[in-house]
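I have placed the structure first, in the form of structure tokens, so that the comments after it can refer back to it.
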Amino acid sequence: DTGVSQNPRHKITKRGQNVTFRCDPISEHNRLYWYRQTLGQGPEFLTYFQNEAQLEKSRLLSDRFSAERPKGSFSTLEIQRTEQGDSAMYLCASRNPADGTNEKLFFGSGTQLSVL
Amino acid sequence: GENVEQHPSTLSVQEGDSAVIKCTYSDSASNYFPWYKQELGKGPQLIIDIRSNVGEKKDQRIAVTLNKTAKHFSLHITETQPEDSAVYFCAASKGPLVMRFGAGTRLTVKP
């Protein structure tokens, strides 16, 4: 499978715990995006990377959230001291501005987080 | 920043009828407008897109139209089938910059 891969698919945690999600983008894509989606809403932008550099962060990304892409390949999104309001689907997407279809954004299946 | 509004939020049609979903955007510099289909438990899947230098694009039963002056674009699905039932999202971006999404339309196609 050469699509965007996310793990785990589902995560249930207790309030106050830390969680980490992983995203493996399409191999030749140098831009990687994290979005959050709550029930009945469209994806909301959180942050994005070009290679290993984090170029933009949304105001939605509180200090409890941190994302990394250390080698410009896979990325991790960590949420510290989870709150019930963090419950959502966390989506990863990638694109490759270097090719002729540079705007197309491809999504993974997401990680569904439930904070109890 | 860019703001994308989408309507209706829900749409129910009979199988074989057409469905139309409309979106407006706020940033006149936006030049790329994709549409995504999302099924339960899955990530959004790109189904069609259009760039601002084109007014209409068609792919089999789906088509997208763009009115740059009015800053709105629409998705048209003809001869709808039950498998078209899903949530559809419009989006807008300035080239490869951050993409902003509408709130989605839940389409139900009744057999």
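Has region A:42-51 got at least one residue that is surrounded by 21 or more Cβ atoms within 10 Å (Cβ to Cβ) and of a type in the set (Gly, Ala, Ser)?
Yes.
Taking region A:16-50 as the region of interest, how many residues are closer than 21 Å to residue A:116 by Cβ and aromatic (Phe, Trp, Tyr)?
Number satisfying all stated conditions: 1.
Can you tell me which residues in region B:10-41 are surrounded by fewer than 17 Cβ atoms within 10 Å (Cβ to Cβ), more than 14 Å from chain A (Cβ to nearest Cβ) and small (Gly, Ala, Ser)?
B:12, B:16, B:18, B:26, B:28
Would you check which residues across region A:73-93 are under 16 Å from residue A:107 (Cα atoms) and assigned to a loop (DSSP other than H, G, I, E, B) and list them?
Within region A:73-93, A:73, A:74 qualify.
Look through A:103, A:68, A:56, A:83 and report the one residue that is within 14 Å of chain B (Cβ to nearest Cβ), at negative phi and surrounded by fewer than 15 Cβ atoms within 10 Å (Cβ to Cβ).
A:56
Conditions (1) modelled with pLDDT of 95 or more; (2) under 13 Å from the mean Cα position of the chain (by Cα); (3) under 14 Å from residue A:105 (Cα atoms); (4) more than 10 Å from chain A (Cβ to nearest Cβ), marked per residue:
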{"site": "B:43", "(1), (2), (3), (4)": "no, no, yes, no"}
{"site": "B:48", "(1), (2), (3), (4)": "yes, yes, yes, yes"}
{"site": "B:53", "(1), (2), (3), (4)": "no, no, no, yes"}
{"site": "B:70", "(1), (2), (3), (4)": "no, no, no, yes"}
{"site": "B:73", "(1), (2), (3), (4)": "yes, yes, no, yes"}
{"site": "B:77", "(1), (2), (3), (4)": "yes, yes, no, yes"}
{"site": "B:97", "(1), (2), (3), (4)": "no, no, yes, no"}
{"site": "B:103", "(1), (2), (3), (4)": "yes, yes, no, no"}
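Residue-wise test of (1) over 30 Å from residue A:25 (Cα atoms); (2) of a type in the set (Gly, Ala, Ser); (3) in contact with a strand residue (DSSP E or B) (Cβ under 6 Å, 6 or more places away or on another chain).
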residue	(1), (2), (3)
B:10	yes, no, yes
B:15	yes, no, yes
B:43	no, yes, yes
B:49	no, no, yes
B:56	yes, no, yes
B:80	yes, no, yes
B:101	no, no, yes
B:110	yes, no, yes
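How many residues are over 18 Å from residue B:109 (Cα atoms) and part of a strand (DSSP E or B) if we restrict to region B:36-63?
Result for region B:36-63: 10.
Please go through (1) of a type outside the set (Ser, Thr, Tyr); (2) within 14 Å of another protein chain (Cβ to nearest Cβ); (3) in a strand (DSSP E or B); (4) surrounded by fewer than 17 Cβ atoms within 10 Å (Cβ to Cβ) for residue B:91 and return the number of the only condition it doesn't satisfy.
Answer for residue B:91: the failing condition is (4).
Could you grab me the full set of residues in region A:14-51 that are facing chain B (nearest Cβ under 9 Å) and outside any loop (DSSP other than H, G, I, E, B)?
A:31, A:33, A:35, A:37, A:44, A:45, A:48
Report yes if residue B:80 is outside any strand (DSSP E or B), at negative phi and buried (at least 19 other Cβ atoms within 10 Å of the Cβ), otherwise no.
The answer is yes for residue B:80.
The values are calculated or read from the model by the stated rules, or taken from the named source; none is laboratory data. Predicted, not measured: the structure shown is a model, and the values here were computed from it. No Cβ is skipped: glycine too gets one built from the backbone with ideal geometry, and neighbour counts run over all protein chains shown.
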